[in-house]
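Just below is one structure, and these are the notes that go with it.
The values are calculated or read from the model by the stated rules, or taken from the named source; none is laboratory data. This is a predicted model, so every value here is computed, not measured. So basically every Cβ, Gly included, is an ideal-geometry build from the backbone, and we count neighbours across all protein chains shown.
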Amino acid sequence: MNKLNFLQPDKNNIYTYLYTGVILVAISIFIVFLNSFFNKDIVSFLPGPISFFLPLILGFIGLHLIRIDYSGLRFLDSINKNINTNNFNAFLSLLIVFVVIKSLPPLLSWFILDANIAGDSKDVCTGSGACWTYIKIWFNRFMYGMYPNAEQWRINLSFIALAFLGTIGFFATEKFKKYLTLYYVVVYPVIAFFFIFFFISGGPIFFDFSYGIIAAVISIIIGFFIPSKFKMYYFIIVPITLYILLKYVFFYEELIELGKLEALEWVETGAWGGLSLTFIVSFFCLIFCFPIGLFLSLGRRSDFPIIKYFSIGMIEFWRGVPLITVLFMSSVMFPMFLPEDMFIDKLVRVIIAISLFEAAYVAEVIRGGLQALPRGQYDAAKSLGMGYWKMHILVILPQALKLVIPGIANTFLALVKDTPLIFVVGLLEIVGMLNLAKTNPEWLGFAMEGYVFASVLFFIICYAMSKYSYNLEQKYKTER
Amino acid sequence: MSDKIIQITEMNKWFGDFQVLKNINLEVEKNKKIVVCGPSGSGKSTLIRCINRLEEHQQGSIVVDGNELTEDTKDIEKIRAEVGMVFQQFNLFPHLSILDNCTLAPIWVKKMPKKEAEDLALQHLEKVQIADQANKYPGQLSGGQQQRCAIARALCMEPKIMLFDEPTSALDPEMIKEVLDAMVNLAKAGMTMIVVTHEMGFAKEVADEVIFMDEGMIVERAETKEFFANPKSDRTKLFLSQIL
């Protein structure tokens, strides 16, 4: 039998080293575990500093003993390769394990064990943990803001309808696949816009919505009989004409009467709020800032000096000012330049402001992608007889946009997390509602719960977005 | 009589202050195969890039198939659709499959129905012997296959003239042959071709005429046999002695 050399563990006595090492590590973890979960210090008979560092020392020796190269045991090898490559890494691994064990009990106790969710007033929250009752009571406000309770079904219905319309892509048959891009880029945002401004907003304006739908349906039905050569012009001109006819010629008198009778109650945008407002603002800013950014990035590379310098000016201006200033300007300064009787809704102004602001960032991200393409791609497209737009739409942009998916996702995530700033113009989305709720005299002292709740919601939204962007990347990956 | 499909007269071109092409006069008749050779930096590539106006010339005139190349953009796209071009770096569109690479321009530029365009593409891919790779992406093919696909892509526009800009320079020696074979077949089918290449074997086999360029000027232009048998200028002799 070989002599054991504890400083140099080797393969010959693998099980001696393995058992000793594993027992030492287990003891060290056990000590920390008891200490943290049951508050018992079983090594307290030792002098202070030694008892404090004992788990670390034991674990360190244990990990040293099991660090055997090519042991032939798969599990041991993977541990050695990943968390136990040398003394320093072993030390860090132990530290991380200890910190996790140490921090579990207080977290568990705050989130679950000592938390309260029953009841409906502040009085039930007597424990040392979180007071989820607060979130429960205010949940409605956090979701819908000051939107009247009786009308909240309108928001729910709109969101469900939009979510459903958004999934249409999965059900489309082969024949309609080629129209999907058009649908998502043009039709879907328009539908969403109608839903939000005529259904969630309501009021007599709701009838505009109905006229719009009637006009659209009639023109689609007639559209089947129009030769495909004219369809493009047809679908631009006819629905708008029909809409105007319906509104101002056929139903003008009825509009007023019906408006008095049974239109949806008008809810001004100032009353909107909570998570639903976060969604509305993010959604519209996302779909507006992308095309604007795209055109700015193309404009910046244009040969026409006017377009080029206009684009550069726009990009540099919006990148150069802080978002909070832009929002202030949009609500305070902007109305001063408008005629007296003209009024643009606060929410609309905010959406335009954020869209332009983020468009500048999107433009620079896309420009990075455009510059990454080799000049040969432009040459090849030109040599096949493509003009500027065909070249960009068919050849350049598909490649450039694919390259910048991570960058765009980055900008979009930042945009979603920027939306709480709209509190400066008095619109209260979820974080704004939290700030409002925490100053309510009956519910003082629960800021922590509110912010944890908001963080979790934001994390879910942002993580879903980043996962989606990653999927897109994988989907459009064609190299090799 | 054979008509002249390309007519270049008194053409000059500068990059900044540097004159790349000096007083170029060149006439190409229909169905002729012309090889352009010369040392690097002599303006060969620039010359053929001028023929479909990927580069603009500053003086003189270029007439392609009866249309003069000028600032008028609309004309340019029509002319480019009639002039196929194959590049040194292949320049396939990496986001599209081989078949889509070939059908993209016929469908969107020539407004050909999709089915017809695909049939045409498969026909041309068959000619360059990569029809079986039609559904792969360019990144999955070897250099030689990519270059043959690029030839097929240009042919799908049914051009009257084909320009080749050093089509074999970026390839491994083993792959050069397969590309040259495709080009020889094309030449035999009667296409008008202008080829910038260093492959003198190819020149001897298919070219009707050889043009030798140096320092932006056409130094010598002669029938292929004549060119290789007794070159006139000293510069040509020197070049040939080095390359052969």
| message | So the check is Cβ under 6 Å with 6+ separation or different chains; which pairs have a first residue in the stretch A:143-160 that's under 15 Å from A:I430 (Cβ atoms) and a second one that's modelled with pLDDT of 85 or more and not in a helix (DSSP H, G or I)? | response | A:G145/A:W272; A:G145/A:G273; A:G145/A:L428; A:M146/A:G273; A:Y147/A:W272
| request: Scan the stretch A:279-333 residue by residue and report those that are under 24 Å from A:L413 (Cα atoms) and of a type in the set (F, W, Y). | output: A:F279, A:F283, A:F284, A:F288, A:F290, A:F295, A:F317, A:W318, A:F328
| task | Could you tell me whether the stretch A:119-130 includes any residue that is at pLDDT below 80, at positive phi and not in a helix (DSSP H, G or I)? | result | yes
| said: Can you tell me which condition A:G72 does not meet? The list is (1) of a type outside the set (A, V, I, L, M); (2) at positive phi; (3) crowded, with 17+ Cβ neighbours inside 10 Å, and all the others hold. | reply: (3)
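Can you confirm whether the stretch A:468-476 contains a residue that is of a type in the set (D, E, K, R) and either within 14 Å of another protein chain (Cβ to nearest Cβ) or not in a helix (DSSP H, G or I) (or both)? First the steps, then the outcome.
Within the stretch A:468-476, the first condition is being of a type in the set (D, E, K, R), and the residues that meet it are A:473, A:475.
Next, only the ones that are either within 14 Å of another protein chain (Cβ to nearest Cβ) or not in a helix (DSSP H, G or I) (or both) stay: A:473, A:475.
Yes: the stretch A:468-476 contains one or more residues that are of a type in the set (D, E, K, R) and either within 14 Å of another protein chain (Cβ to nearest Cβ) or not in a helix (DSSP H, G or I) (or both).
Which of the residues belonging to the stretch A:421-467 are charged (D, E, K, R) and either in contact with a Cys (Cβ under 8 Å, 6 or more places away or on another chain) or part of a helix (DSSP H, G or I) (or both)? Outline the logic, then answer.
Here is the first cut: in the stretch A:421-467, the ones charged (D, E, K, R) are A:429, A:438, A:442, A:449, A:467.
The answer is A:K438, A:E442, A:E449, A:K467.
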| query | Can you name the residue in the stretch A:267-289 that is over 21 Å from A:W138 (Cβ atoms) and surrounded by 21 or more Cβ atoms within 10 Å (Cβ to Cβ) and, of all such residues, is nearest to the chain's Cα centre (by Cα)? | reply | A:S282
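Going by the structure shown, is B:S61 buried (at least 18 other Cβ atoms within 10 Å of the Cβ) and hydroxyl-bearing (S, T, Y)? Before the answer, list the steps.
Numbers: buried (at least 18 other Cβ atoms within 10 Å of the Cβ): no; hydroxyl-bearing (S, T, Y): yes.
No: the conditions fail for B:S61.
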| request: Name the residue, out of A:D345, A:D341, A:D418, A:D379, that is within 12 Å of another protein chain (Cβ to nearest Cβ) and of a type in the set (D, E). | output: A:D379
| Out of the residues in the stretch B:64-74 that are over 14 Å from B:L163 (Cβ atoms) and away from every other protein chain (no Cβ under 11 Å), which is surrounded by the most Cβ atoms within 10 Å (Cβ to Cβ)? | B:N67
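One residue is enough: does the stretch B:133-140 have a residue meeting the conditions touching a helix residue (DSSP H, G or I) at 6+ places or on another chain (Cβ under 7 Å), in a helix (DSSP H, G or I), within 12 Å of chain A (Cβ to nearest Cβ) and surrounded by fewer than 21 Cβ atoms within 10 Å (Cβ to Cβ)? Let's see the steps before the verdict.
At the first step, the residues of the stretch B:133-140 found to be touching a helix residue (DSSP H, G or I) at 6+ places or on another chain (Cβ under 7 Å) are B:133-136, B:138.
Now restrict to residues that are in a helix (DSSP H, G or I): B:133, B:138.
Next cut, within 12 Å of chain A (Cβ to nearest Cβ) only: B:138.
Those left that are additionally surrounded by fewer than 21 Cβ atoms within 10 Å (Cβ to Cβ): none.
For the stretch B:133-140, residues touching a helix residue (DSSP H, G or I) at 6+ places or on another chain (Cβ under 7 Å), in a helix (DSSP H, G or I), within 12 Å of chain A (Cβ to nearest Cβ) and surrounded by fewer than 21 Cβ atoms within 10 Å (Cβ to Cβ): absent.
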| said: Of the conditions (1) surrounded by 21 or more Cβ atoms within 10 Å (Cβ to Cβ); (2) over 22 Å from the mean Cα position of the chain (by Cα); (3) of a type in the set (A, V, I, L, M, F, W, C); (4) away from every other protein chain (no Cβ under 14 Å), A:F357 satisfies every one except a single condition; which number is it? | reply: (2)
| task | Name the residue, out of B:C50, B:C102, B:C149, that is buried (at least 20 other Cβ atoms within 10 Å of the Cβ), within 11 Å of chain A (Cβ to nearest Cβ), assigned to a helix (DSSP H, G or I) and modelled with pLDDT of 90 or more. | result | B:C102
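Looking only at residues in the stretch A:317-329 that are surrounded by 12 or more Cβ atoms within 10 Å (Cβ to Cβ) and not hydrophobic (A, V, I, L, M, F, W, C), which one is nearest to A:G426 (Cα to Cα)?
Step one: filter the stretch A:317-329 for residues surrounded by 12 or more Cβ atoms within 10 Å (Cβ to Cβ), giving A:317-319, A:321, A:323-329.
Still in the list and also not hydrophobic (A, V, I, L, M, F, W, C): A:319, A:325.
Working: A:R319: 24, A:T325: 14 Å.
In this case the residue turns out to be A:T325.
Look at the stretch B:105-124 and say how many of its residues are assigned to a helix (DSSP H, G or I) and either among the polar types (S, T, N, Q) or under 20 Å from B:A81 (Cβ atoms) (or both). I'd like the intermediate steps shown before the answer.
Step one: of the stretch B:105-124, the residues assigned to a helix (DSSP H, G or I) are B:105-108, B:114-124.
Filter again for either among the polar types (S, T, N, Q) or under 20 Å from B:A81 (Cβ atoms) (or both), leaving B:105-108, B:114, B:116-121, B:123-124.
Number of matching residues: 13.
Kindly provide the set of residues from the stretch A:437-452 that are among the aliphatic types (A, V, I, L, M) and crowded, with 18+ Cβ neighbours inside 10 Å, ordered by number. Before the answer, list the steps.
Looking only at the stretch A:437-452, we keep the residues that are among the aliphatic types (A, V, I, L, M), and these are A:437, A:444, A:447-448, A:452.
Passing the criteria: only A:A437.
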| message | Looking only at the stretch B:80-99, how many residues end up being touching a residue at least 40 places away in the same chain (Cβ under 8 Å), within 9 Å of another protein chain (Cβ to nearest Cβ), part of a helix (DSSP H, G or I) and surrounded by 19 or more Cβ atoms within 10 Å (Cβ to Cβ)? | response | 1
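Okay, residues lined up against (1) among the polar types (S, T, N, Q); (2) assigned to a helix (DSSP H, G or I):
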{"site": "A:N35", "(1), (2)": "yes, yes"}
{"site": "A:S44", "(1), (2)": "yes, no"}
{"site": "A:F60", "(1), (2)": "no, yes"}
{"site": "A:S71", "(1), (2)": "yes, no"}
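Please pick out the residue among A:G376, A:G450 that is in contact (Cβ under 8 Å) with a residue 40 or more places away in the chain and not acidic (D, E). Explain how you work it out, then say what you get.
Details: A:G376 fails: in contact (Cβ under 8 Å) with a residue 40 or more places away in the chain.
The match here is A:G450.
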| request: Among the residues of the stretch B:57-74, write down those that are in a loop (DSSP other than H, G, I, E, B), free of Cβ contacts under 8 Å to residues at least 12 places away in the same chain and acidic (D, E). | output: B:E71, B:D72
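In the stretch B:15-24, is there at least one residue being more than 14 Å from chain A (Cβ to nearest Cβ), among the aliphatic types (A, V, I, L, M) and within 15 Å of the chain's Cα centre (by Cα)?
So in the stretch B:15-24, the residues more than 14 Å from chain A (Cβ to nearest Cβ) come out as B:15-24.
Pick out the ones that are also among the aliphatic types (A, V, I, L, M) and you get B:20-21, B:24.
Remaining after also requiring within 15 Å of the chain's Cα centre (by Cα): none.
No, the stretch B:15-24 has no match at all.
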| query | Looking at the stretch B:33-42, is at least one residue within 11 Å of chain A (Cβ to nearest Cβ), under 24 Å from B:G144 (Cβ atoms), at pLDDT 90 or above and outside any loop (DSSP other than H, G, I, E, B)? | reply | no
| request: Kindly list the number of the only condition in (1) among the hydroxyl-bearing types (S, T, Y); (2) without any contact (Cβ under 8 Å) to a residue 60 or more places away in the chain; (3) away from chain B (no Cβ under 14 Å) that fails for A:S297. | output: (2)
| query | When only residues in the stretch A:385-402 that are buried (at least 18 other Cβ atoms within 10 Å of the Cβ) and more than 9 Å from every other protein chain (Cβ to nearest Cβ) count, which is farthest from B:N101 (Cα to Cα)? | reply | A:L401
